[in-house]
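Enquirer: Quick one: the structure is below, questions incoming.
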Amino acid sequence: MVEKSQDIGRVISRFGAELILATYNGEHIRCTTRRKLDNVASGDYVRWQKEAQGNAVVTAIEPRKNVLSRPDFRGKIRVIAANIDVLIVVSSWRPEPSWEMLDRYLVAAEQLPAEVIIVMNKADLRGEYSAAADDVYLEEYSRIGYQVIHTDTKTGQGIAEISDALGEKTAILAGQSGVGKSSLIACLLPEQSIRVGEIGDTGEGRHTTTVATLYRLAGGSLIDSPGVRDFALPPLNPSELQSGYPEFAEFAGMCKFNNCTHQHEPGCVIKSAVKSNDLPPHRYQRYLNLLTRQINH
Ligand SMILES: Nc1nc2c(ncn2[C@@H]2O[C@H](COP(=O)(O)OP(=O)(O)OP(=O)(O)O)[C@@H](O)[C@H]2O)c(=O)[nH]1
Ligand SMILES: [Mg+2]
Ligand SMILES: [Zn+2]
């Protein structure tokens, strides 16, 4: 926790060289940044001061707990937000869920590190749009201990469960465009006007939210982030990747080879546990896909 001090503020959102900052007493002010603070992001704690001309300027970023980043379309790493306690990965039934992308977010959460909540929004569309296999995939996440919350922003189903889970923490909503991240914030903060977008005929979102923005809840903070088409992980070695699979933990050190990647190695307890259904098979299959892709990159 950063101490409350008059010259420390928290970044609400960033537009190029300009920031909106919440001061220690909750007032929002507009600030400029010095060029060297290029990667300052929503959620950062920063030092700021008033200049002689009356404008406010940020002079330094306080040490960070972590940063959530992703490569942009040119492959350059962009910081999305900083100081994240909880990563809320939001999926919906339309646009349809990508379980592989969800797994990649769960691996990213482990690297931050941050706690995870899996939100399945648009519960009202589940009957119409979900496939039988989806129930099986979804059940695997609960089985290995992830908190899964089903929400419907029209009726408010599941919303209280999210705020209960947040407490005084800082959380970020991440996921595909159009799954309803901003709608969830609008539900949690009915007095704020928050822009939500339509989805197209194909069920794809339209990238309505363009900058990450931090909102204050009763106790904690919640950051809305721009929807993605895909979420790629930075390069990771096999053991970093495996740490994103908490279900493997109870078998740690039990494979014949201590650098076992749980693919084709003899004496692999993970492979045996999948065979005997002591580990969820679809998660394991996607782990193998992801491992192959991470190593070939
Ligand atoms: N049926 C249904 N539609 C919902 C629900 N929640 C949100 N939507 C709709 O989904 C569409 C997209 O919602 P947004 O909140 O803008 O989605 P987003 O994830 O913030 O999208 P980006 O900002 O593009 O990343 C809107 O048309 C919402 O009305 C829900 O619980 N049920
Ligand atoms: Mg949005
Ligand atoms: Zn193994």
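A short reminder: the numbers here are calculations on the coordinates, not readings from a lab. What you see is a predicted model; the values in this text were computed from it and never measured. Cβ: placed from backbone, ideal geometry, glycine included. Neighbour counts: every protein chain shown.
Enquirer: T209's amide H: which non-local residues (gap 5+, or another chain) put their own amide H closer than 5 Å, with H modeled 1.01 Å from N in plane and none for Pro or chain starts?
Expert: Here G227 satisfy the definition.
Enquirer: In whole Hz and in residue order, list the ³J(HN,Hα) couplings for region 219-230 that follow from phi through the Karplus curve 6.51 cos²θ - 1.76 cosθ + 1.60, θ = phi - 60°; x for Gly and Pro.
Expert: x, x, 10, 9, 9, 8, 10, x, x, 10, 8, 8
Enquirer: Give the distance, in whole Å, between the Cα centre of region 232-269 and the Cα centre of region 10-74.
Expert: 39
Enquirer: How long, wide and thick is region 80-132, going by the Cα atoms along their three principal axes, in whole angstroms, largest first?
Expert: For region 80-132, the Cα spread along each principal axis is 37, 18, 17 Å.
Enquirer: Setting aside same-chain residues fewer than 8 positions from K50, which lysines have a Cα under 21 Å from its Cα?
Expert: K4, K36
Enquirer: Continuing with this model, one more query. Taking C-beta distances below 4.7 angstrom as the pairing criterion, name the unpartnered cysteines of the chain, in sequence order.
Expert: C31, C187, C268, each lacking another Cys Cβ under 4.7 Å.
Enquirer: Something else now. Kindly provide the helix-only [θ] at 222 nm of the chain, computed as the sum of -39,500 (n - 2.57) over DSSP H runs of four or more divided by all residues, to the nearest 500 deg cm²/dmol?
Expert: Computed ellipticity for the chain at 222 nm equals -7000 deg cm²/dmol.
Enquirer: Shape verdict for region 238-296, please, from the Cα gyration tensor: rounded (a/c under 1.5), prolate (a/b greater than b/c) or oblate.
Expert: rounded
Enquirer: Another question, then. For region 235-241, in order, what is each residue's ³J(HN,Hα) by Karplus, 6.51 cos²θ - 1.76 cosθ + 1.60 with θ = phi - 60°, in whole Hz (x at glycine and Pro)?
Expert: x, 9, 8, x, 6, 5, 4
Enquirer: While we're on this one: Starting from the amide H of Q157, placed 1.01 Å from N in the peptide plane, find each other amide H under 5 Å away whose residue is 5 or more places distant or on another chain.
Expert: The answer is D152.
Enquirer: Now, a different point. Amide H of L217: which non-local residues (sequence gap of 5 or more, or other chain) have their own amide H closer than 5 Å, using H built in the peptide plane?
Expert: Here the answer is L222, since their amide H atoms fall under 5 Å of that of L217.
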